[in-house]
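Structure record follows, encoded as C-alpha cells.
No value in this document is a laboratory result; all are computed from the given coordinates. All values derive from a computational prediction rather than experimental measurement. Ideal geometry is used to build each Cβ from the backbone, glycine not excepted, and the neighbour counts take in all protein chains shown.
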Amino acid sequence: METTDVFPKRYAPSDIHGIRILDAKTLSFKPMNEIAFTDISALAYDERRGLFALSNKGYLFKLDLQIAQKKIKSLALQAAYVLRTKEGKRLKKKKRDAEGMALSEEGLVISFERRPKVS
C-alpha cells in the first residue's frame, strides 16, 4: 500500500468544493479464493461493519481498515465472495455487472448496470 496523489495536475485540493481528501492509497492484493481484487466500482463503509468493495466482475470484498490521525494506518483484504442469486447460484455474466453499493440496516444494497436492478 503506497500513498498516491488523487488530484488531477490542473487542480489544487482547494478547487474541489466541499471535499477534503485526507489520504489516498494505491491498493494491490494477492487473489483470495481465486478471486482477483480488480475492477472496483463501489465502496461502502460503516464503522461497526467495516469497509466493503464491489467489483463489476461480480465479486464482493471485505476489507479491514484502520485509521489513525485521519490517515489510513492499514488496509487489508479479509474476504472475497462471489455474488450469487437467492438460490445460491453464481450470477450469469450479463447479470453480474455490479456498479453501486450502500449499507442499510438490513445489509448491503447493490445496484447493477447492464441489466439494471437493485438487490
Practice task
Straight distance only, please: which lysines reach the Cα of residue 30 with their own Cα at less than 16 Å, same-chain residues fewer than 8 apart left out?
Solution key: 62
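For residue 82 and residue 113, calculate 0.36 nm times their separation in residues minus their Cα-Cα distance, and state this gained length in nm to one decimal.
Here the segment from residue 82 to residue 113 would lengthen by 9.4 nm.
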Completion exercise
Loop-resident trypsin sites (Lys or Arg not before Pro) in segment 64-101 with no more than 15 other Cβ atoms inside 10 Å, DSSP not H/G/I/E/B, are 70, 86, 89, 92
Handout entry: Distant alpha-carbon pairs in segment 43-89 (separation over 13 angstrom), percent
Key = 62 percent
Fill in the blank from the handout: Label model pair residue 90, residue 39: point-to-point distance (7 angstrom along the Cα→beta-carbon line) in nm is 1.2 nm
